[in-house]
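In what follows, a structure is listed as C-alpha cells, so that the remarks can point back to it.
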Amino acid sequence: MSLFEEEKKYEFDNNQRNMPLATRMRPVSLQEFTGQEHLVGEGKMLQRMIKSGVIGSLILYGPPSSGKTTLAHVISREVDARFEVINAVLDGIKELKNVVSKAKYQIKANNKKTILFIDEIHRWNKAQQDALLPHLESGVITLVGATTENPFYSLVSPLLSRCQLFELYSLTSEHVDLMIDRAIKDENRGLGFMDLNVSDAAKRHLAEYAGGDIRNALNALEVAVLSTPRQADGKVNITLDIAKESIQRRNIRYDRTGDEHYHYASAFIKSMRGSDADAALYWMIAMLEGGEDPNFIFRRMLIFASEDVGLADPYALTVVNAAHDAFHKNGMPEGLYFLSHACIFLSLSPKSNSTKALFEINDEIKKSGIGDVPPHLKDKTANKLAARYLDIHNASDDYKYPHNYERNWVEQQYLPDIVKGRSWFQGGTEGRESVLVKRLQELIKVNKK
C-alpha cells in the first residue's frame, strides 16, 4: 500500500470523518509533528534531511507512543517518493519481494524512488533482515524502520551499518496537552465544528493520565465528547469529573520486552544498593503497574541478596526466599506486602559485594589454567595406594586436620603452587561479615604467636 498516494489530500471527506479522532488528528506535515525536537527541530539533522527530500535508510527507535509511525507518515508527505508499508508482525520476505518489484518498475518508468517503512522491524529474524541488505546496497529502496527495542540487540550488524539511527524519547504531558488543544480547535479533522468547552482541569487530567500517549488522550477526549449530552444552548461541557470517567487509569509507559524493562529494573536494583527504600519501592511499583511479572522482581531480589548484601547479612537470602514462598501461597493483592517486605529489608540491610571474588577467580583460571592439587589435599585413599605401589611417603599424612587444633583452625596451604599466597576474597566491614572476618583475623593472629 502506498501511503503517499493514499493520503494526498489534507481535507477529510465524510467517510474519513468516521475515523477515530486520534487517527484524524495524526500530523500530516513536519510543522504539525509534536515532540522529538532534538530530531526534527529547526536545523536538526532529520529535519534537514526531510526538508531536502534526500532521505537515507534510517531506524527510528524509542518507547511505544513516542511517534515513530507518525514520523514515518510525515516523511511520506514531505519527501517526493513512493511510500510502501510492511508490518513485520504480519509480513515477510514475500511482501518484501513485491515491494522491491514495484520499486524497480517505478525507477524505470518515472525515475521515482521508493521508501519502505517496516513497522516493528525487530520482529524480523536474521534471515529476513539480511534479505533487505542487497536492495539497500543497490538503492532500489530506502528503508525507514521502527522498533521499540534497542537496535543494537535486536537488529543485525550489517543492517545497522547501512542505516542512520535516530532515538525518539517519551512524549511529555505538555506535548499531549498541545495535541488536545489542537483537536479541540481543528474544524476540519478535529472537534472544532462543535460548540465545545473543555475545562482546563479536564484537559490537564487527560494529558497527565495519558502517560505521554497522544492516542490514548484523544481517544478519551472523543469518548467524553460523544457521551456527554448537549446543554440547552447546544454547548457540550467537559468537566474534570467527565474526564476522570473517560480515562480512569493512568497509562504507564512500560514495555516488559522493551528498554523500559531493563531501565526500570536497573533503577530498582541501584536504589536498593544505595539503601534508598522509597526509591526502590517506587520503581518496583512502577514495574508492577506496567504489568511486570512479580516473579521477575523476586528473582532480581534473590540475586541482590547474594550479590549486594551477601555475607553482610546471610539471612537476607532466607528472607527473600520466604517472602517469595509466601507470595505464591497468598497471591495478589496481599502479595504486595511480601514484595514490599523483601524490598525494604534489602534496602536497609548492610551491603557487601565480596561474593564477586568468584568471578575474579574464574578470570584467573581462564587466564592461567587450573593448578595441581597440593599433595596433602589429595584423596587419602588414592594417595595411600600410590604410596604403597611406588614405595614413597603418603603425602596425605601431611594434611593437618583443623579440628585437632585450637579453635578448629590451623595454617596450611590450600591453593595450588601457581597461585600460592594469592587472595581474591576481600571481606567487608558491614554487618555479620565484619564479625566473620574478625574471627578469621583473630585465628591467624593467635596461630602465628
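Just so it is clear, none of the values below were taken in a lab; they were calculated from the coordinates. The model shown is predicted, which means the values in this text are computed figures rather than measured ones. Backbone-built Cβ (ideal geometry, glycine too); neighbour counts: all protein chains shown.
Here are some notes:
- Counting beta carbons within 10 Å around each of 343, 163 and listing the fewest first gives the order 163, 343.
- Estimated vicinal HN-Hα couplings, Hz - the range 409-414 in sequence order (Karplus 6.51, -1.76, 1.60; Gly, Pro = x): 8, 8, 7, 6, 7, 10
- Proximity of backbone amide H atoms, modeled 1.01 Å from N, is registered between residue 144 and 58, 116, 117, 118 at under 5 Å, excluding neighbours fewer than 5 places apart on the same chain.
- For the range 23-69, a simple Cβ point-charge model (Lys and Arg +1, Asp and Glu -1, everything else neutral) yields a dipole of about 120 debye relative to the Cα centre.
- Calculated FRET value between residue 90 and residue 410, using beta carbons and R₀ = 51 Å, to 0.05: 0.10
- Relative to one another, the C-alpha centroids of the range 269-320 and the range 134-180 are positioned 33 Å apart.
- Compactness relative to 2.2 N^0.38 Å, alpha carbon Rg of the range 173-246: 1.00
- If R0 equals 45 Å, the separation of the Cβ atoms of residue 372 and residue 152 corresponds to a calculated FRET efficiency of about 0.55.
- The chain: angle of helix 259-273 to the longest principal axis, Cα-based, in degrees nearest 10: 40
- Selected from 98, 362, 321 as most flexible by GNM, with the chain as the system and alpha-carbon contacts under 10 Å: 362
- For 84, 334, order by how many other beta-carbon atoms lie within 10 Å, fewest first: 334, 84
- Taking a ≥ b ≥ c as the square roots of the eigenvalues of the alpha carbon gyration tensor, the range 259-348 is oblate, as a/c is not under 1.5 and a/b does not beat b/c.
- For the chain, the antiparallel share of DSSP beta bridges with both residues in that region comes to about 5%.
- Förster-model FRET efficiency, 60 Å R0, residue 105 and residue 436, C-beta, rounded to 0.05: 0.20
- Between the range 335-362 and the range 401-444, the Cα center-to-center distance that results, in Å: 24
- Cα-based helix-to-principal-axis angle, 68-78 vs the chain, degrees rounded to 10: 40
- Cα-centre dipole for the chain with unit charges at Cβ (Lys and Arg positive, Asp and Glu negative), debye to 20: 1020
- Angle between the chain longest axis and helix 335-348 axis [Cα atoms, degrees, rounded to 10]: 60
- Built amide H within the under 5 Å cut-off of residue 168, gap 5+: 61, 62
- Residues with amide H under 5 Å from that of residue 83, placed H, sequence gap 5 or more: 3, 4, 5, 115
- Extension gain from residue 160 to residue 355, taking 0.36 nm per residue of separation minus the Cα-Cα distance: 66.4 nm
- Expected 222 nm ellipticity per residue - DSSP helices of 4 or more, -39500 (n - 2.57), all of the chain, to 500: -14500 deg cm²/dmol
- Fewest-first ordering of 245, 120 by other beta carbons within 10 Å of each residue's beta carbon gives 245, 120.
- 3J(HN,Hα) along the range 315-320: 5, 4, 4, 5, 4, 5 Hz, from the Karplus curve 6.51 cos²θ - 1.76 cosθ + 1.60 with θ = phi - 60°, whole Hz, x for Gly and Pro.
- Taking a point 7 Å from the Cα of residue 400 along the Cα-to-Cβ direction, the residues of the range 408-424 with backbone N closer than 11 Å to it are 409-414.
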